[in-house]
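Only one structure is covered here, and it is reproduced in the block below.
The values are calculated or read from the model by the stated rules, or taken from the named source; none is laboratory data. On a predicted model such as this, the values are computed, not experimentally measured, just so you know. When we count neighbours, we look across all protein chains shown, and the Cβ atoms used for this are built from the backbone with ideal geometry, even at glycine.
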Amino acid sequence: MVGTGTRWVLRLWVVGVLLFLALPILTIIIFAFDSSTVQSWPPAGYTFHWFSVAFNDPQVRAALILSIKAGVAATIVSMVLGSFAAFGVHRFRFFGRESISLLLVLPLALPGIITGLALQSAFTFAGVQLSLVTIIIGHTTFCIVVVYNNALARLRRVSGSIHEASMDLGADGWQTFRFVTVPTMSTAFISAALLAFALSFDEVIVTVFTAGAQNTLPLWIFGAIRLGQQLPEVNAVVVFVLLFTIIPVTVAARLTGGGGLTRSTLRAGDDLAPPGTPAAEAQEEAERVPVGAEMPGL
């Protein structure tokens, strides 16, 4: 049994960690509404003026558009490559399978400066000019890890018997993918896409080596902080970036917390598949077939 004193110590420790993480962010948010151009505590007054200045700044808008373009494109490419890789590693057994998993996760495990420097060297050697395309390639290297991990985790949680039941009922590969695989993987795909976009949107280190003369929104913030003459405007932009990042991450966390399709959720009446569709019939068939059992007629 844990004593009362230990519980209070743990609670205070958790509160201290949360304050350590949240206080710097709260400070930036407060200073974003500060009416003074010089940051001091307490703030001289409160205003929305700096948000208007940031919105009307053409450099900020150009950087925002570039960040959105890079984030959307990197998310789409990583969704395709990461999903295919997850399906291949999960469905097939072949030599070097674990090595492929390690290589896919490696870009996120390595320091960003190593990935960025390696990409810049590769682009220079190949004679590729740094542009939006190189930014997308750089962001895809680590966004693909998020997609791969989410898709593979969901595939491992979904019973393979529902796919066997779908094929036993006469569905071909495309019908099984459309009516069974996609519904069971939908939340994993959506959460992976949201996380990949959020990760791409606020990336700095890899972007420094792959952007060339262009500025994404995080690069604009980094440059403005170094100059030190636009700190109130920077604070306002940072608040926007926080919202733009926290919202997809929160939605992705809620979707991921919903879990995948399991036998228990099927018994509970999960409505992933509408009644009368091949997916619904596959789910009913899966209920009658033990996991791992050989399907009749296969």
Query raised in the report: Among the residues of region 1-58 satisfying the criterion of being among the aromatic types (Phe, Trp, Tyr) and exposed (fewer than 12 other Cβ atoms within 10 Å of the Cβ), which is farthest from Gln214 (Cα to Cα)?
Result: Trp8
Query raised in the report: So, of the residues in region 37-57 that are assigned to a loop (DSSP other than H, G, I, E, B) and touching a residue at least 60 places away in the same chain (Cβ under 8 Å), which turns out to be nearest to Val241 (Cα to Cα)?
Result: Asp57
Report task. Pick out the one residue from Val182, Val241, Val234 that is closer than 18 Å to Met79 by Cα, at pLDDT below 85 and either under 14 Å from the mean Cα position of the chain (by Cα) or among the hydrophobic types (A, V, I, L, M, F, W, C) (or both). Result -> Val182
Report task. State all residues of region 115-137 that are without any contact (Cβ under 8 Å) to a residue 24 or more places away in the chain, surrounded by 14 or more Cβ atoms within 10 Å (Cβ to Cβ) and more than 22 Å from Ile76 (Cβ to Cβ); if no residue qualifies, say none. Result -> Ala118
Requested in this report: Report whether or not Ala73 is within 22 Å of Ala192 (Cβ to Cβ) and touching a helix residue (DSSP H, G or I) at 6+ places or on another chain (Cβ under 9 Å).
Outcome: yes
Query raised in the report: Going by the structure shown, is Arg61 free of Cβ contacts under 8 Å to residues at least 40 places away in the same chain, closer than 24 Å to Ala213 by Cα, among the charged types (D, E, K, R) and surrounded by fewer than 16 Cβ atoms within 10 Å (Cβ to Cβ)?
Result: yes
Requested in this report: Using the structure shown, decide if Ser67 is in contact with a Gly (Cβ under 7 Å, 6 or more places away or on another chain) and either among the polar types (S, T, N, Q) or loosely packed, with under 12 Cβ neighbours inside 10 Å (or both).
Outcome: no
Query raised in the report: For region 88-162, which fully contained helices (runs of 4 or more DSSP H) count at least 3 residues that are touching a strand residue (DSSP E or B) at 6+ places or on another chain (Cβ under 6 Å) and polar (S, T, N, Q)?
Result: none
Report summary line: The condition from (1) under 25 Å from Arg91 (Cα atoms); (2) buried (at least 17 other Cβ atoms within 10 Å of the Cβ) that Thr207 misses is numbered (1)
**Report entry** Pairs where the first residue, in region 139-150, is on the phi < 0 side of the Ramachandran plot and the second is buried (at least 24 other Cβ atoms within 10 Å of the Cβ) and aromatic (Phe, Trp, Tyr), C-beta under 9 Å, 6+ apart
**Finding:** Cys143/Phe197
